[in-house]
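Worksheet: the structure to be examined is printed underneath.
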Amino acid sequence: MNATTVEPLAPAKPAISLFERYLSVWVALCIVVGITLGHALPGLFAVIASAEVARVNLVVAVLIWLMIIPMLLKIDLGALGSVRQHWKGVGVTLFINWAVKPFSMALLGTLFLGWLFRPLLPAADVSSYIAGLILLAAAPCTAMVFVWSNLCDGEPTYTLSQVALNDVIMVFAFAPLVALLLGVASITVPWDTLLISVLLYILVPVVVAQLIRRVVLLSGGQSALDRLLARLGPASLVALLTTLVLLFGFQGQAIIAHPLVIALIAVPILIQVYFNAGLAYWLSRRFGVAWCVAAPAALIGASNFFELAVAAAISLFGLNSGAALATVVGVLVEVPVMLSVVKIVKATRPWYEGRVPA
């Protein structure tokens, strides 16, 4: 089965940037810088932590917006009309993103952190770590998916339409899904804070990004949008790293006291990524989906919108919570793991298409 070649509705990145390729290195540096600053300047971090309105930290809220809006500017919600062109691939990814991944992460988090690794973790934070993993899995990735899809020669129309559809679903499904899973994990759900998080970090950024996108395209066309994205890209990454420095500044004492925590939290995340990518890839093959759609389907099914997860964890549980730390571990492992998934789907293309390697 061959997919019809369609011109992409949005520009694809030719390759992953040097900064993005080594994002895990920068995150590791943020750990060192954050812990160091947290010990050297505890007063400054206390002032930052106190700048809250309705449990939403204003400093972090600004940083999160700087992270999320440039990424959402890449999304063309008009691409939803092309969903029917690749309905099987879209169906597989929707199934993985919304019916499998959040629930499998809750199960894996409970199994590993709540049972197997529990004696090695701070007892008071175990539930918070599991909550962070749930938040991480409940939000499908948006921006970085374009990088992964392009690296594996994925169908751009499918990728764009799938991401646009996930963004729309997140507006309505994120809060009830998170509340359901946190309830199953016996974690108290602060509904007011959860709804504020959805409003601040999903609904408003989507609306703002789409308005900006429309204005820029009307005034200067695609080239103007490309220039704007090029200017905002570094700001988005700097905002992400600054947020991580703050998180690790608050988490420094816990990390030093329990150095294995990050490695242990990473275990269910790693299993989750490979399980969901493999399931999406296998289901795509069973349903006769073209490889150029199946490859990004596996990547979209496995990756997470970690910026949203970090924001929600901070709002719901606080800057110095175990939930916030767990979402940051997701950032730490995301890039190298997803790059390995790209290599796997490319290496297995002959198997997928039923060809004998030369």
Can you list the aspartates and glutamates whose alpha carbon sits under 19 Å from that of Lys74, skipping same-chain ones fewer than 8 residues off? Glu7, Glu20, Asp153, Glu155, Asp167, Asp226, Glu307
Solvent-accessible area per residue, Å², over region 60-144 with all protein chains present [probe radius 1.4 Å]: 36
In a Gaussian network model over the chain where Cα atoms closer than 10 Å are linked, find which of Gly220, Gly91, Gly252 has the largest mean-square fluctuation. Gly220
Would you mind checking which residues have amide H under 5 Å from Ala139's amide H? H placed 1.01 Å from N; only 5 or more apart, or other chain. Phe305
From the convex hull of the Cα coordinates of region 38-169, what is the mean projected area in square nanometres? 11.4
With 0.36 nm assigned to each residue of separation and the Cα-Cα distance removed, Leu270 to Arg118 gains 52.9 nm
Among trypsin sites (Lys or Arg not before Pro) in region 150-233, those in a DSSP loop whose Cβ has at most 16 other Cβ atoms within 10 Å are none
Which of the trypsin sites (Lys or Arg not before Pro) across region 274-358 are loop residues per DSSP, with 13 or fewer other Cβ within 10 Å? Arg355
Looking at region 251-358, which GluC sites (Glu not before Pro) are in a loop (DSSP not H, G, I, E or B) and have at most 16 other Cβ atoms within 10 Å? Glu353
Using a 1.4 Å probe over the heavy atoms of the protein chains, calculate the carbon and sulfur portion of the accessible area of the chain as a whole percent. 71
Top of Val207, Val126, Val331 by mean-square fluctuation, Gaussian network on the chain, Cα under 10 Å: Val207
Rg/Rh over Cα atoms for region 122-258, Kirkwood Rh, comes to 1.02
If the convex hull of the alpha-carbon atoms of region 122-179 is projected onto planes in all directions, what is the mean projected area in square nanometres? 5.1
Binning every alpha carbon pair distance of the chain at 20 Å from zero, what are the percents per bin? 31, 59, 10, 0
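The values are calculated or read from the model by the stated rules, or taken from the named source; none is laboratory data. It should be emphasised that the depicted structure is a prediction, and the values quoted were computed from it without experimental measurement. Please note: Cβ atoms are built from the backbone with ideal geometry, for glycine as well, and neighbour counts cover all protein chains shown. Please note that ligands, DNA and RNA were not included when accessible areas were found on the heavy atoms of the full protein model with its side chains. Shrake-Rupley method; radii C 1.70, N 1.55, O 1.52, S 1.80 Å.
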